[in-house]
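Every number here is computed from the coordinates shown, using simple stated rules; none is lab data. Note that the structure is predicted; figures quoted are calculated from it, not measured. A quick note on method: Cβ atoms are made from the backbone with ideal geometry, for glycine too, and the neighbour counts reach across all protein chains shown.
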Amino acid sequence: MQEHADFCLKHGTNCVVNRPRTDLNLCNRPQGIFSGSLIVGNAGNCCQGWSSEGKRARKAHSSQHAWNSWLAQRRELALRSEEDMFFQECTELWDVEGCLVKPLEDSHTVVHTTVGPSTLGWPTSRNRLLSAGLSSNSLVWLGPTGADAVKQDFEAVFARSCMLTGSVFFQEDDAERAEWYERKLKQKCFFGSKLPEGEKLMRKILTPGQLQRLEAYGKLRAEHQALDGTFICDLDHWPNSPGPDFGPMFPVLLRHGTILDMNTGKFAMNLDRFLALGFQMSKTLNHRFEWPLARYVLSASDRELQGLTGNCQSVPAILAWQLYVFCNTARLEPRYVTRQPSPSESQDGDEEEGSA
């Protein structure tokens, strides 16, 4: 049971996340009968060794120890018929062939593609390499083979043009935004009765390095802004660095960052960061799709939430990928042995047919 429990923000203790495998009627299914639930794993492995932001240690990175353990578990569970499928995500520089496809070629069919939310019409940058592994004991892949063919087929169904800019994600209430400004000003020992505005506010809440980067982005704004003036940048990273991009779209989220829309002067709040990832955090936007854990998650510190959003997957991208994989996957048909009739049975059958 411990394997299926994790810390719960609502109850403040470990709660059961999903039912144990033994309860899913998979370990003891009759031979040739696919009853019970479909067990699917979902993971995003550490990308620090492969990210363009890091030192690119690749397979020499310490996280490879945990990856190899996870990989061995996928293979063993598939061989035991205790897991049917898994989904996995990492940075697009990750060696998917050497780290996933070849090690599991005897137990899984692995398909993968590189996709980001901007491909789906979502105005934010976050390209990732998404993969899926189908257990050879229970599932069969019906879609195209080869990474290029999979990518073309996937985009033929889900690709859309971006009709909005990243400014659509700046939805935090003005009161919450003003409170954030006040906290920043208090950290700089400013206790005025009225919030400064415009350039004065920037100079009081930003660090010297952030102000230098803001000036550098200002020189690029006229060339890269949208028609409505939207220009979004991350002031913790220099222009043209390996990190977040700049322009009309919401930049990719890292575990640290100070994102600013220079057109409106708004900084991205924690709610805005989650919205860019596809999490519905506000009742005022759409109550139907509100994330039930939103208020518990947003109660964490800024540093914790930046770490969560920087390591999080894009909901629109992974849901589209998972839907695509499920639609191109089928249960492996049970193998039946057909008994051939003996010569005596064949002769008896012919005599009866002739006498009739």
Applied in sequence order to region 295-304, the curve 6.51 cos²θ - 1.76 cosθ + 1.60 (Karplus, θ = phi - 60°) yields integer Hz couplings, x standing for Gly and Pro, of 5, 6, 5, 5, 7, 6, 6, 4, 5, 5
Quick calc: nm separation of the 7 Å Cα→Cβ label points for C46 and V315 -> 2.8
A chain fully extended from R80 to R295 at 0.36 nm per residue, minus the present Cα-Cα distance, gains in nm 73.4 nm
If the label point sits 7 Å along Cα→Cβ of V157, residues of region 85-109 with amide N under 16 Å come out as 87
Amide H contacts under 5 Å for G44, restricted to residues at least 5 apart in sequence or on another chain and with H modeled in the peptide plane, are E89
Distance in nm between Q187 and L38 label points, each 7 Å along Cα→Cβ, equals 4.5
Checking rank on 117-127, 221-231, 256-266, with mean other Cβ inside 10 Å and highest first, the result is 117-127, 256-266, 221-231
Cα-based Rg/(2.2 N^0.38 Å) for region 227-270, rounded to two decimals, is 1.06
Each label sits 7 Å from Cα toward the beta-carbon; between E304 and K200 the label points are separated, in nm, by 3.6
Taking a straight Cα-to-Cα line shorter than 27 Å from K194, and setting aside same-chain lysines fewer than 8 residues away, one finds K184, K186, K204, K266
At 10 °C in a medium of viscosity 1.306 mPa s, region 166-311 has a Stokes-Einstein diffusion coefficient, with Rh taken as the Kirkwood radius over alpha carbon pairs, in µm² per second, of 99
Looking only at lysines whose Cα falls under 28 Å of K55's and that sit 8 or more positions away or on another chain, we get K102
Restricting to aspartates and glutamates and to Cα separations under 17 Å from K10, and discarding same-chain partners fewer than 8 apart, the set is E290, E304
Normalised per residue, the volume inside the convex hull of the alpha-carbon atoms of region 120-245 in Å³ amounts to 199
In Å, the Kirkwood estimate of hydrodynamic radius for region 273-330 over Cα pairs equals 12.9
